[in-house]
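Structure, as structure tokens:
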Amino acid sequence: NAQYIDKTNAAALYNASEIYEHKGEHSEAMLTWKEAMTIEAANRRWIANLEKSFQKDGYKGFVRAKTEWLERLVEQDFVYPTDLAKCHSALGNKDKALEWLKKAVESKVPDITSIKHAPAFDNLRDDARFQNLLQQLNFPQ
């Protein structure tokens, strides 16, 4: 429930945005992501681009703008590879999503344990490469 989200914590807002995405509340997802970017003092141009992309192309526009921002950010700062994998998965870019998931497995990021059940990866579950990544993580059957 949004009333319990710490509006001063960017990480909490990013997580809330992801929950809104999975619930199909795309407008709330975009607004919450924008709030998190504002807290992190992201470039105002990127924040405006996020909103403009959402207004022009809806959810896919939002995800494309978010992906572009994260791919630029990864050049300067740490970005969880799983976040980029989720973006590419949402855009239907399976190969790129799996590349980022492979990087997540190799770098042993803490949220890698969520990939087995994360709805963001439902469209990858039947792919042998995704199953191979799960095997590498030694999840119990």
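The values are calculated or read from the model by the stated rules, or taken from the named source; none is laboratory data. None of these values were measured; they are calculated from a predicted model. Heads up, the Cβs are rebuilt from the backbone with ideal geometry, glycines too, and the neighbour counts pull from every protein chain shown. Remember, those area values only see protein heavy atoms, side chains included, never the ligands or the DNA or RNA. Shrake-Rupley method; radii C 1.70, N 1.55, O 1.52, S 1.80 Å.
Quick one: is E35 open to solvent by 20 Å² or more (accessible area, probe 1.4 Å), without any contact (Cβ under 8 Å) to a residue 40 or more places away in the chain and either within 24 Å of D122 (Cα to Cα) or in a loop (DSSP other than H, G, I, E, B) (or both)?
no
Of all the numbered requirements in (1) open to solvent by 50 Å² or more (accessible area, probe 1.4 Å); (2) touching a Leu at 6+ places or on another chain (Cβ under 8 Å); (3) closer than 20 Å to A118 by Cβ, N15 misses one, and that requirement is (2). Filtering the range 75-91 to residues that are of a type outside the set (D, E) and either in a helix (DSSP H, G or I) or touching a Leu at 6+ places or on another chain (Cβ under 7 Å) (or both) leaves V79, P81, T82, L84, A85, K86, C87, H88, S89, A90. Residue count for the range 1-18 satisfying the condition of being within 19 Å of V79 (Cα to Cα) and in a helix (DSSP H, G or I): 9.
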